[in-house]
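I have placed the structure first, in the form of structure tokens, so that the comments after it can refer back to it.
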Amino acid sequence: MFDLIYRFDPAGRHGIDTPTSAADAVQRLEEGNRIFSRMLDEARAAASRGTMQTRIIPVDADDLGVPPIDGTAPIQRPFAAVLGCSDARVPIEMVLNQTANRLFVVRVAGNVLGAECLGSLDYAISAMSDSVKVILVLGHSGCGAVTAAVDSFIEPSRYLGIGASFPLRAVIDRVIPAVRAAHWGLEQVHGPQVETLPGFRKALIETAVVLNAALNAAALRKEFADRIGPQRQVVYGVYNLVSRQVKVDLEADTNVSIQLAEPPEDAIGFERLAVLLSGSQTIREHLGSRS
């Protein structure tokens with residue numbers, strides 16, 4: 001058991017520091033997830049010793065609507081804009097260990113980049129250009145939207161049930177390019193027979209999850225090219241529902257540290273990413289599993 005306490009003092013302002021550079025902002029997000037992912041393990045360790053783990057998170061009173069001057073609203077000052085999935089198992093502020101007014105969050109199934117999401121992110125880096133230092137696209141393992149796209153790819157007849165619904169099709173169609181790229185990568189590494197392996201579907205889903213996040217991050221970097229410079233960065237990552245870590249599994253060591261990545265620059269870079277993902281230890285394990 002552990003207690004997670006959000007504490008603020010309405011009479012005092014401790015002033016949570018805001019990152020002053022893109023590198024600092026990325027580091028803040030990575031460290032936030034590192035803290036979050038360790039909390040449960042630390043609580044279990046404390047329980048085994050017969051003690052209880054308590055974590056206190058300070059929250060700026062201003063950000064909770066307790067301004068220094070009565071009748072004025074707090075000013076938006078997020079240091080990161082996040083495009084994430086709507087999945088209820090991925091509470092983005094909690095996963096990244098951030099409190100109110102730290103993140104400008106846009107959530108949609110499959111973290112796909114439609115016109116409304118693009119407009120919302122455009123607003124964030126235009127209206128809050130002084131504070132927003134990083135744009136993060138956050139995917140997650142076992143994504144339902146990616147799974148639906150993969151199932152439609154593997155068994156095209158399933159698409160007929162989706163095709164009649166324009167809203168659903170709008171989401172699935174935006175994920176299909178990542179699924180195709182993932183399939184290509186798996187074939188390059190494991191050969192055409194990869195489709196016969198017991199864990200092919202699972203491997204295709206998890207490879208596509210990463211490529212989908214990377215593709216959307218690359219699209220955002222291109223869309224906002226005139227506003228992405230030394231002081232602002234576009235990155236992506238994948239939240240693992242089991243380990244609670246945000247990272248991209250490319251290394252053979254599945255214990256690679258938490259890390260956000262920049263998307264590839266061009267088609268060759270995406271091909272290389274697809275191959276690296278397909279050959280990773282994580283994907284090889286999925287291919288050998290029947291789950």
Completion exercise
Restricting attention to the range 128-141, the residues that are under 13 Å from ALA22 (Cβ atoms) and in a strand (DSSP E or B) number exactly 3
Practice task
Confirm whether ALA100 is under 20 Å from ALA25 (Cα atoms) and touching a strand residue (DSSP E or B) at 6+ places or on another chain (Cβ under 8 Å).
Solution key: no
Handout entry: Output for the range 114-134, where each listed residue is of a type in the set (A, V, I, L, M) and touching a residue at least 60 places away in the same chain (Cβ under 8 Å)
Key = LEU118, LEU121, ILE125, VAL132, VAL134
Fill in the blank from the handout: Quick count over the range 159-171, residues being over 30 Å from GLU262 (Cα atoms) and surrounded by 15 or more Cβ atoms within 10 Å (Cβ to Cβ), is 2
Problem - Residues of the range 142-157 satisfying the condition of being surrounded by fewer than 16 Cβ atoms within 10 Å (Cβ to Cβ), part of a helix (DSSP H, G or I) and over 17 Å from the mean Cα position of the chain (by Cα) - result: ILE154, PRO156, SER157
Handout entry: Qualifying residues in the range 221-237 (those that are of a type outside the set (Ser, Thr, Tyr) and within 14 Å of the chain's Cα centre (by Cα)) - the one nearest to TRP184 (Cα to Cα)
Key = GLY237
Practice task
Keeping to the range 174-192, report how many residues are over 23 Å from LEU118 (Cβ atoms) and modelled with pLDDT of 95 or more.
Solution key: 10
Exercise for the section: Would you check if there is a residue in the range 77-88 being at pLDDT 75 or above, surrounded by 13 or more Cβ atoms within 10 Å (Cβ to Cβ) and more than 26 Å from LYS247 (Cβ to Cβ)? Expected result: yes
Fill in the blank from the handout: Matching residues in the range 104-126 (among the small types (Gly, Ala, Ser) and either in contact with a Cys (Cβ under 9 Å, 6 or more places away or on another chain) or at pLDDT below 95 (or both)) number 5
Exercise for the section: Would you mind telling me which numbered condition in (1) closer than 26 Å to GLU223 by Cα; (2) of a type in the set (A, V, I, L, M, F, W, C); (3) within 13 Å of the chain's Cα centre (by Cα) VAL95 fails? Expected result: (1)
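The values are calculated or read from the model by the stated rules, or taken from the named source; none is laboratory data. In this text, all values refer to a predicted model and were calculated from it rather than measured experimentally. FYI the Cβ positions are ideal-geometry reconstructions off the backbone, even for glycines, and counts take in every protein chain you see.
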